[in-house]
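As structure tokens, the structure follows; a few thoughts come after it.
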Amino acid sequence: MENIEARVKKIVAEQLGVNEAEVKIESSFVDDLGADSLDTVELVMALEEEFECEIPDEDAEKITTVQQAVDYVTAHLNK
Amino acid sequence: MSLKGKVALVTGASRGIGAAIADSLAREGAIVIGTATSEAGAVAISARLAEFGGLGMELNVTADDAIENLVAVIEKQHGAIAILVNNAGITRDGLLMRMKDSDWDDIMDTNLKSVFKASKAVLRAMMKARVGRVINIASVVGVMGNAGQANYAAAKAGIIGFTKSMAREVGSRGITVNCVAPGFIDTDMTRALPEAQREALVGQIALGRLGDAQDIADAVVFLASDKAAYITGQTLHVNGGMLMP
């Protein structure tokens with residue numbers, strides 16, 4: 001679990017060009033980390049690659065915070 | 001304007017403008033994959049491009065998933081596509097009063113939807129690379145209109161609108177998206193026109209002659225090069241002064 005959180009945070013930091021320390025579990029990509037809509041699409045693409053899964057568009061829309069990303073990946077990997 | 005080692009995909013590369021584009025990009029050093037609708041066409045493209053490290057591949061741009069699958073194969077075998085030239089196109093000319101739904105749909109699928117599909121398919125890799133070139137072949141007809149080509153003109157105008165939108169979406173990622181709008185170019189497509197119509201058209205061209213496929217290819221090579229890095233969302237008219245928008 002912590003491992004997934006760390007990996008997600010690392011990707012978020014890399015993709016959005018922010019310091020990893022700024023990426024909190026409750027951070028919203030758009031409101032807190034300054035992502036635009038294209039950034040969030042790219043972020044989902046990066047998550048798909050990191051965790052070797054496919055995130056459907058309807059699910060991707062709901063991933064707007066670090067917590068939601070961690071939850072999604074956790075639920076998905078357990079399947 | 002070296003394009004050395006860059007992977008380029010050119011649709012509709014077996015003859016006419018597409019063939020000139022594929023060959024020109026290859027001569028600048030790009031690894032060019034040119035598509036044709038038939039296997040024989042693909043083989044002929046391979047024969048032309050082999051010495052430059054390129055090849056021909058079969059593609060029906062209207063078939064489900066065909067473009068996506070082709071892009072996946074290219075990325076696996078040659079690496080990410082750096083240059084996409086959406087050139088494939090057909091005509092189904094006729095006066096509007098007699099135009100069949102199928103004439104309209106065929107043009108939209110082949111000339112416009114294929115641009116959307118191919119551009120989307122290459123975008124992921126270009127976004128990641130933070131650089132890329134998408135060059136769409138529009139037409140002077142898409143800007144000025146032409147009797148007997150309502151479907152073709154609509155699709156070509158659609159390409160221009162698509163180009164501007166995509167340019168705005170992905171500009172922040174270093175990807176440029178432009179159109180080249182050929183005027184009246186001497187190809188099989190225009191040779192099919194009646195002689196009287198050809199002559200009337202030439203009369204409207206400031207330079208007084210038809211264009212050559214190479215004229216279009218040269219514009220594409222420029223837009224594909226690093227020299228055009230600050231040009232995006234534009235339509236470069238290559239028409240001998242037939243239209244000056």
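The values are calculated or read from the model by the stated rules, or taken from the named source; none is laboratory data. Since we're looking at a predicted model, the values are computed, not measured. Ideal geometry is used to build each Cβ from the backbone, glycine not excepted, and the neighbour counts take in all protein chains shown. Quick note on the areas: whole protein, heavy atoms, side chains included, nothing else; ligands and nucleic acids left out. Shrake-Rupley method; radii C 1.70, N 1.55, O 1.52, S 1.80 Å.
Values for this structure:
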{"read-out": "In segment B:8-51, residue surrounded by the fewest Cβ atoms within 10 Å (Cβ to Cβ) [restricted to those that are part of a loop (DSSP other than H, G, I, E, B) and aliphatic (A, V, I, L, M)]", "value": "B:Ala30"}
{"read-out": "The listed residue being over 20 Å from B:Ala224 (Cβ atoms), open to solvent by less than 40 Å² (accessible area, probe 1.4 Å) and in contact with a Gly (Cβ under 7 Å, 6 or more places away or on another chain), out of B:Ile205, B:Ile185, B:Ile159, B:Ile175", "value": "B:Ile205"}
{"read-out": "Every residue from segment B:88-118 that is open to solvent by 20 Å² or more (accessible area, probe 1.4 Å), closer than 12 Å to B:Asn136 by Cα and of a type in the set (S, T, N, Q)", "value": "none"}
{"read-out": "Residue list for segment B:182-208, filter: assigned to a loop (DSSP other than H, G, I, E, B) and under 22 Å from B:Thr235 (Cβ atoms)", "value": "B:Gly183, B:Phe184, B:Asp186, B:Thr187, B:Gln204, B:Ile205, B:Ala206, B:Leu207"}
{"read-out": "Near pairs, Cβ below 7 angstrom, 6+ apart or cross-chain, from segment B:220-245 (without any contact (Cβ under 8 Å) to a residue 60 or more places away in the chain) to any residue that is open to solvent by less than 30 Å² (accessible area, probe 1.4 Å) and assigned to a loop (DSSP other than H, G, I, E, B)", "value": "B:Val238/B:Gly183; B:Gly240/B:Gly183; B:Gly240/B:Ile205; B:Gly241/B:Ile205"}
{"read-out": "Test for B:Glu195: is it on the phi < 0 side of the Ramachandran plot, within 14 Å of another protein chain (Cβ to nearest Cβ) and open to solvent by 20 Å² or more (accessible area, probe 1.4 Å)", "value": "no"}
{"read-out": "Positions within segment B:133-176 being within 14 Å of another protein chain (Cβ to nearest Cβ), under 13 Å from B:Ser119 (Cβ atoms) and not charged (D, E, K, R), in sequence order", "value": "B:Ser165, B:Met166, B:Ala167, B:Val170, B:Ile175"}
{"read-out": "Whichever residue in segment B:209-230 is part of a loop (DSSP other than H, G, I, E, B) and open to solvent by less than 50 Å² (accessible area, probe 1.4 Å) and, among such residues, is nearest to B:Ile21 (Cα to Cα)", "value": "B:Ser225"}
